[in-house]
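Any read-out appearing in this document is the output of simple, stated calculations on the displayed coordinates, not a laboratory observation. Keep in mind that what you see is a predicted model, and the values were worked out from it rather than measured. Quick reminder, even Gly has a Cβ in these numbers, built from the backbone with ideal geometry, and neighbours come from all protein chains shown.
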């Protein structure tokens, strides 16, 4: 098993930043005295002065550097030849800045899950269901999730398929286990109407979670979500193929972002002006299919050519391959076509399997790279539609998955079929 280290800190909202560069003037005086002898009565004093340009430059974290950056006049060596100049310290623009991103698939709260989460005296508690995999989310620098069932709150009436509504406590759990960005654009966004969407957004806002894909107004939709982390800026966009035939309310297209290649291209172009990294969430594909559809591949290609760095897919409720798309401009975009179910009450090995994708995003100078893709397969543990929890697939147990070893190899082969360098964590 390959261990996956994560580092985490608070997510910082984007804001103008700047810092003064301080020039320090230092004077040094050195004196060289000649020797006295009986025949030489002259004493020679040679004064000297040197100017140093010591720059206390802002670092990625904002703190000034204690190491001067600049050049210094060479000092004569004992042999009389110039001594080697000190190697300049790297400037902040040259220093690498790195972020670890974690992403998961569908959080789809069926009635058996929220009934299992009921607590005595009222309310719901879902956090223990995420506890076995919490550390993989909590320790990432940024973590994103597809919230498939709308979190409209208990007062609207909780509901299951075909029109879902989940309790607010689902949002509490997403926050508690370390998610930062919540995708709301999916085929169930309009299940319980505008009120459920506005309830969900207000609640997520109160938790300090970044939402994308469904909005309160057109102005809200036009405000691209940009998050700053470790000196890198990330823009998040999201779209869905449809809403299960439920029409978008007239005059309110902002309630859910539908896939439109031209609009997505314009959004991505705008996001590129605001952020170092553009991440697109796409709710697309055919349910229960192991391979992406032609429509999925076409949208992923269009997003990549428009400038997206990462495309994260969901909707099929099963895992699909990951791949790199080489663009006409020489850029490379990472695509995960479907990350499967993270938690849902769907019976069957394929729909009980999901995973946690992990990527390293690094900026050095003006170049951003996405690298080191790795994937932890997960399993939705349940017994008689109760005792739900998300565990690493390797910990599913033979009572849940009698052929766990063979199935794990099938999962690894599927997700890595287009990306041989993908690391399967726990393999």
(message) Against the empirical 2.2 N^0.38 Å scaling, what ratio does the C-alpha Rg of segment 97-424 come to?
(response) 0.93
(message) Using alpha carbons only, how many angstrom separate the centre of segment 217-252 from the centre of segment 331-360?
(response) 21 Å
(message) Using the basic label-point model (7 angstrom from Cα toward the beta carbon), what is the residue 369 to residue 418 distance in nanometres?
(response) 2.3 nm
(request) Using only Cα positions of segment 331-426, each an equal point scatterer, no hydration layer, compute I(q)/I(0) via Debye at q = 0.10 Å⁻¹ and quote the log10 values to two decimals. (result) -0.32
(request) Give me 128, 283 ranked fewest to most by other Cβ atoms within 10 Å of their Cβ, as a rough exposure proxy. (result) 128, 283
(message) Show me the ranking of peptides 197-204, 231-238, 402-409 by mean Cβ neighbours inside 10 Å, starting with the highest.
(response) 231-238, 197-204, 402-409
